[in-house]
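Worksheet: the structure to be examined is printed underneath.
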Number of protein chains: 2
Amino acid sequence: MVVRLSDVAARAGVSVKTVSNVANGYLHVKPETRERVQAAIDDLNYRPNLSARSLRQGRSGVIALAVPALDMPYFAELTRAVVEAAAERGWTVLVDQTDGLRERELEVASGLRGHLIDGLILSPVGLEVDELERSKEDTPLVLLGEKIAGGPVDHVAVDNVEAARLATDHLLGLGRKRVAAIGYQARADAASGVAPLRRRGYERSLAAAGITVDAELTPQVAGYRRVDGAHAMETLLALPEPPDAVFCFSDLLALGALRVLAERGLRVPEDVALIGFDDIEDGRYSTPSLSTVAPAKDEIARHAVDMLHDRIAGRDAVPARDVRVGFEIVPRESTLGRGQTGPSGP
Amino acid sequence: MVVRLSDVAARAGVSVKTVSNVANGYLHVKPETRERVQAAIDDLNYRPNLSARSLRQGRSGVIALAVPALDMPYFAELTRAVVEAAAERGWTVLVDQTDGLRERELEVASGLRGHLIDGLILSPVGLEVDELERSKEDTPLVLLGEKIAGGPVDHVAVDNVEAARLATDHLLGLGRKRVAAIGYQARADAASGVAPLRRRGYERSLAAAGITVDAELTPQVAGYRRVDGAHAMETLLALPEPPDAVFCFSDLLALGALRVLAERGLRVPEDVALIGFDDIEDGRYSTPSLSTVAPAKDEIARHAVDMLHDRIAGRDAVPARDVRVGFEIVPRESTLGRGQTGPSGP
């Protein structure tokens, strides 16, 4: 049974207009009247039609965050950071999982079936820039990650090329000669927009060291999960001359590779040094602990929420912004060896 | 700028009522009229007021899932299972993170600020049964986990007492004599409703083997994350007579404990055997791989979605149901040793 404004009005003995004023938080209602109406609202379990209300007030206090996969720890940790940054604005965050599918991303970008969200933070994988132009009139939108840099909307990311270059430099700096990369993807597979950028950084580092990229040392992966890293590591270990170091484009890939190395009785880092990307908690507790590139997730979240706030506040005159946040190379046991680093853990 | 029904009507050259009929999917509109209206809707980027519409149709096609922490892999994996089960019903799932806070759970249970959701699946930590009775008239609700079994709403969970008993039996079956438990919580700390149930199962197993519970072997934890498991393991290793086996109430606790054992140079399982709970992917790839209790997450998700579907369809006459799903003890290297198990991975 739907409780209507008029039911509340009848119970409180006031006009419908007064109930509406109370429900909408207008300030000119007398305290005792407000109390009587509130009691009636509570008794009847009345829920205001937020759609009508938000059309007047322009706000629902709810934003959406859409990420490819909540069961990938990088996105789970980023989600926590966004929820916390949004809480400081008094916003509730609803999270949607797109699986990187273009149709899901389009659906989300055009406003989650018309759901009442004030704004959207989207980490796209399948969408192209020109597809987004069409939805510019829609819900305010901020993009995360590298897929659509330079597009028509606000965008936050780390400099993936530079981060990947420095990660590879770290391995070369240990004196390693055959540095492999796990994370190359065929275009059709591109489960992540970061693949071509991290690939460019890896190749740049090798070029600067006078090393030619060896196609054998860059196996293709179908995705960025543990199972993909394990398969790629098996491929690399089957080579006549296996690598002595591997840059994995995600920590999950590295954790899969680490497991295979342990199964084969190979020592990390003595036989093969490993560095990942993302700085997820799993890598801090693995044995050996995982060297990694740590993007400033909290900064990504804060910038995304701030930019969304500006858009929701109607500052549409500002041109689309492209914000770069910092990152850090974090060497741990998988490149430095045991006893070379302090105790793990946050 | 808000596009109104009348704007669409003017552009399409039809009445507002006709536009409304098209927007609401009524079937008695002529195909050519429908096409003209749809073109006007697309041109103007009109989004129907879903709230008004859903009050008539009773559906938004969106359900919410509220879990304590998306960055805990168990909940991330469960979320994926719910999203997939819901997709089969054509439902979109929006996910909310409560941090196990009573106020957030209450807010969510009373309908996410009146947001347009058809139903809610909630994994509660802080809420009590009597608090929920009040919101029974609200959005259809299904509960996950052990906190509110036997309450006034539908509920899905594994038999945690029995699962914990069998996990402890597994350790005793290896011939271990000092079997510790990591996961006991002071009531005020109860970050998870499962603690008292898994504790009961552990104690039952010991009792059946004629072993008295040793308070020293059951350190309290503040939460169920890796850091909590690491701290508890340090406490256990500082005992004059440390344990030779540990049942951890979650895989994250076990992974934290595993890291500490590796740092101390202790062998798993030779010196200390370990079993966790949850069967998260991390434990399948750790070295040694982690023995665990595997709850049937897909079944939990499917039952939750099916029961919610029944409630949304208005089958309120059915009394609240309490569904138990299966679980499995999965022995891996952390209890059986290397080479005793097949290759890891999913």
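Kindly evaluate B:Val82 against the criterion of being at pLDDT below 80, buried (at least 22 other Cβ atoms within 10 Å of the Cβ), part of a helix (DSSP H, G or I) and among the hydrophobic types (A, V, I, L, M, F, W, C).
So B:Val82 does not fit the description; no.
Does the stretch A:255-265 contain any residue that is under 29 Å from the mean Cα position of the chain (by Cα) and of a type in the set (Asp, Glu)?
The answer is no; no qualifying residue exists.
Would you check if B:Arg321 is out of contact with any Cys (no Cβ under 6 Å at 6 or more places or on another chain), modelled with pLDDT under 95 and over 26 Å from B:Ala164 (Cα atoms)?
no
Among the residues of the stretch A:219-253, what is the count of those that are touching an Asp or Glu at 6+ places or on another chain (Cβ under 7 Å), assigned to a helix (DSSP H, G or I) and free of Cβ contacts under 8 Å to residues at least 60 places away in the same chain?
1
Only residues that are surrounded by fewer than 22 Cβ atoms within 10 Å (Cβ to Cβ) and β-branched (Val, Ile, Thr): list them for the stretch B:205-253, please.
Residues satisfying the conditions are B:Ile211, B:Thr212, B:Val213, B:Thr218, B:Val227, B:Thr235.
Identify the residue in the stretch B:89-111 that is within 18 Å of B:Arg311 (Cα to Cα) and modelled with pLDDT under 75 and, among all such residues, is nearest to the other protein chains (Cβ to nearest Cβ).
Looking at the filtered set, the residue picked out is B:Gly111.
Determine which single condition B:Ala320 fails, assuming it passes every other condition in (1) crowded, with 18+ Cβ neighbours inside 10 Å; (2) in a loop (DSSP other than H, G, I, E, B); (3) more than 12 Å from chain A (Cβ to nearest Cβ); (4) touching a residue at least 60 places away in the same chain (Cβ under 8 Å).
Of the numbered conditions (1) crowded, with 18+ Cβ neighbours inside 10 Å; (2) in a loop (DSSP other than H, G, I, E, B); (3) more than 12 Å from chain A (Cβ to nearest Cβ); (4) touching a residue at least 60 places away in the same chain (Cβ under 8 Å), the odd one out for B:Ala320 is (1).
Under the condition of being within 13 Å of chain B (Cβ to nearest Cβ) and among the aliphatic types (A, V, I, L, M), which residue from the stretch A:258-273 is nearest to A:Leu78 (Cα to Cα)? I'd like the intermediate steps shown before the answer.
Our first condition is that a residue be within 13 Å of chain B (Cβ to nearest Cβ); within the stretch A:258-273, this holds for A:258-268.
Those left that are additionally among the aliphatic types (A, V, I, L, M): A:258, A:260-262, A:266, A:268.
Working: A:Leu258: 24, A:Val260: 28, A:Leu261: 29, A:Ala262: 29, A:Leu266: 33, A:Val268: 29 Å.
Top of the filtered list is A:Leu258.
Give the residues of the stretch A:79-107 that are in contact with a helix residue (DSSP H, G or I) (Cβ under 7 Å, 6 or more places away or on another chain) and of a type outside the set (Asp, Glu), sorted by residue number.
A:Ala81, A:Val82, A:Ala85, A:Ala86, A:Arg89, A:Val93, A:Val95, A:Gln97, A:Thr98, A:Leu106 - these are the residues of the stretch A:79-107 that are in contact with a helix residue (DSSP H, G or I) (Cβ under 7 Å, 6 or more places away or on another chain) and of a type outside the set (Asp, Glu).
When residues of the stretch B:200-250 are filtered for being closer than 25 Å to B:Gly100 by Cα, over 25 Å from the mean Cα position of the chain (by Cα) and among the hydroxyl-bearing types (Ser, Thr, Tyr), how many remain?
1
Residue check: is A:Asp279 within 22 Å of A:Leu166 (Cβ to Cβ) and not β-branched (Val, Ile, Thr)?
When the stated conditions are applied, A:Asp279 passes them.
Of the numbered conditions (1) touching a residue at least 24 places away in the same chain (Cβ under 8 Å); (2) part of a loop (DSSP other than H, G, I, E, B), B:Asp282 satisfies every one except a single condition; which is it?
Just one mismatch for B:Asp282, condition (2).
When residues of the stretch B:285-295 are filtered for being of a type in the set (Val, Ile, Thr) and either more than 10 Å from chain A (Cβ to nearest Cβ) or part of a helix (DSSP H, G or I) (or both), how many remain?
Matching residues across the stretch B:285-295 total 2.
Suppose we filter A:Leu143, A:Leu132, A:Leu122, A:Leu44 for residues that are at pLDDT 85 or above, over 25 Å from B:Leu78 (Cβ atoms) and more than 9 Å from every other protein chain (Cβ to nearest Cβ); which single one remains?
That would be A:Leu143, the only listed residue that is at pLDDT 85 or above, over 25 Å from B:Leu78 (Cβ atoms) and more than 9 Å from every other protein chain (Cβ to nearest Cβ).
From the list A:Val272, A:Val305, A:Val213, exactly one residue is assigned by TED's automatic domain parsing to the domain that holds A:Leu120 and touching a helix residue (DSSP H, G or I) at 6+ places or on another chain (Cβ under 8 Å). Which is it?
A:Val305
The values are calculated or read from the model by the stated rules, or taken from the named source; none is laboratory data. As the structure is a computational prediction, the values presented were derived from the model and not from experiment. Here the Cβ is made from the backbone with ideal geometry for all residues, glycine too, and neighbour counts use every protein chain on show.
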